[in-house]
Amino acid sequence: MKKLLILFLGVLFLPNLTFAAFNDVTLTTDTVISVGGYTLNVSGSSAVVESIVIDTSSFSVTLSSGSSIQITSPTYQQLSVDVGTFTTSNTCITNSSVLTLSSSGASGTVVVTPQATICSTPVSSGGGGGGGGGFSAPYPTAPVGGFIATADVTNSQNKTVLHFGFGNDITSIAISDNANFTPASYINATSSVEWTVPITKILYVKYCNKYVKCSDPLRVQINNPEENTTQKTFELPAYIFSTTLRLGIKHPDIMWLQKYLNANPDTQLTGSGIGSPGNETDYFGQLTEDAVRRFQIKYGIVSAGTPATTGFGLVGPQTRAKLNELNTDKLPSIQNVNGPLETGVFTRDLSLGDTGNDVLQLQLYLNKNGFILSDSGPGSRGNETNYFGLLTKTALIKFQEAHALDILTPVGLTKGTGYFGPSTRAFVNK
């Protein structure tokens, strides 16, 4: 429905307008209007407004010749313009986006539409000696323990209460049913809010600062009351962690760490994009560190609020021990076998993920000949398993390269592959 802000309606909607003649309105102070769900401030010390008409998603303004008007969006909405005869200036400053309209010729009308998208790369609004130099808007600062978003179970009205954890610089929270945040709802920063549960039982949350720079999305799983999440089992990758992992490094163990963390909604890195289930990487970034922190809190390794300098977010001995403990039941059966290598001949190719007694025999062979899988735990001497994991592959690569002339050179290779194929089998069997 359109609202025509002239004459008697102008008194209701624009209380600071005075009138010299019919359709002749002088805007003397700031006025607030709402268009398409967005709040806009309209101002101009000497703007002569013949009319302002507000529609559902846009508004039109008619100015007299020589007049100017300024429209400000405090939420950084881009303001598109059907220019007409007006001169326009559309900028993004440190606390808003600003559109200036000037009518240099005859009076005319322009249509302004606030967009869902926001203006990017704000520039400094200050003058001074720098003449309004460039300004790089900062991203939100993650609090100790990382950004947190959780949900209560669904209540009888199909609603949940979302709980948020963020730093002091956050001014708004974006919430969406979709990982790409199309569409999204923005609310003022708060510790909790009641929310309608989507059909998918999944919500996505981002934390934004006053520059409308937002955090990476967090995936929030919402459960029904009858679901006992503390006893729910998850499919975990079979893997033994033996290396200290920390922010900023790359290592093959990190991909398996991300797979393990993604197997549990409480510790999942993210719901989409890099680091999400099926998109794990070997890089330990902020998403991984935040997920490790949630894992450490979940299993009582550290307490919430622990300083990062004490190992919060670091995969050290205690965290590795818990990861391996929880993962033990996902490994193929471990057989404690002592004594000399059993006689026999390897007859099939073996590679990462294979299981069987011949894998056990291969581990025994490697450990016996000094190519130790691990100093302790599964794969170590006396604790060989029938599962071909990364420990087996790594030891096999060292074995192949130690006997390169017999194993690699004949097949045109210079580096070990960790694949137990015909060339390696022939060497071992003889």
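Quick notes
- Subset of segment 199-225 [over 13 Å from the mean Cα position of the chain (by Cα) and under 12 Å from ALA179 (Cβ atoms)]: THR200, ILE202
- The residues of segment 134-189 that are of a type in the set (S, T, N, Q) and under 26 Å from PHE295 (Cβ atoms), listed by number, are THR141, THR150, THR154, THR160, ASN168, SER176.
- Strands (runs of 3 or more DSSP E) fully within segment 1-83 counting 1 or more residues that are surrounded by fewer than 17 Cβ atoms within 10 Å (Cβ to Cβ), within 33 Å of the chain's Cα centre (by Cα) and modelled with pLDDT of 75 or more: 31-35, 38-43, 77-82
- In segment 288-315, residue modelled with the highest pLDDT [restricted to those that are part of a loop (DSSP other than H, G, I, E, B) and surrounded by 17 or more Cβ atoms within 10 Å (Cβ to Cβ)]: LEU314
- Matching helices (runs of 4 or more DSSP H) fully within segment 346-428 where at least 1 residues are modelled with pLDDT of 85 or more and among the polar types (S, T, N, Q): 357-368, 390-402
- Residue check for VAL98: modelled with pLDDT of 75 or more, within 25 Å of ALA184 (Cα to Cα), open to solvent by less than 70 Å² (accessible area, probe 1.4 Å) and of a type outside the set (D, E, K, R): yes
- Within segment 143-161, residues that are without any contact (Cβ under 8 Å) to a residue 40 or more places away in the chain reach partners that are of a type in the set (Phe, Trp, Tyr) with beta carbons closer than 8 Å, at six or more positions or on different chains, in the pairs PRO143/PHE166; LYS159/TRP195; VAL161/TRP195.
- Residues of segment 173-187 that are modelled with pLDDT of 90 or more and either of a type in the set (S, T, N, Q) or open to solvent by 60 Å² or more (accessible area, probe 1.4 Å) (or both): SER176 alone.
- Taken as a whole, segment 149-163 holds no residue that is closer than 29 Å to PHE312 by Cβ, of a type outside the set (D, E, K, R), in contact with a Cys (Cβ under 6 Å, 6 or more places away or on another chain) and in a strand (DSSP E or B).
- If you go through segment 177-208 and keep only what is in a strand (DSSP E or B), hydroxyl-bearing (Ser, Thr, Tyr), free of Cβ contacts under 8 Å to residues at least 40 places away in the same chain and within 23 Å of PRO74 (Cα to Cα), you end up with just SER185.
- Filtered by the rule that a residue be over 10 Å from the mean Cα position of the chain (by Cα) and surrounded by 21 or more Cβ atoms within 10 Å (Cβ to Cβ), segment 269-287 gives GLU280, PHE284.
- Given (1) crowded, with 19+ Cβ neighbours inside 10 Å; (2) at pLDDT below 90; (3) of a type outside the set (Asp, Glu), index of the condition THR328 fails: (1)
The values are calculated or read from the model by the stated rules, or taken from the named source; none is laboratory data. Small disclaimer: the values here were computed from a predicted structure and weren't measured. Reconstructed Cβ throughout: ideal geometry from the backbone, glycine too, with neighbour counts over all protein chains shown. Calculation scope for accessible area: heavy atoms of the full protein, side chains included, ligands and nucleic acids excluded. Shrake-Rupley method; radii C 1.70, N 1.55, O 1.52, S 1.80 Å.
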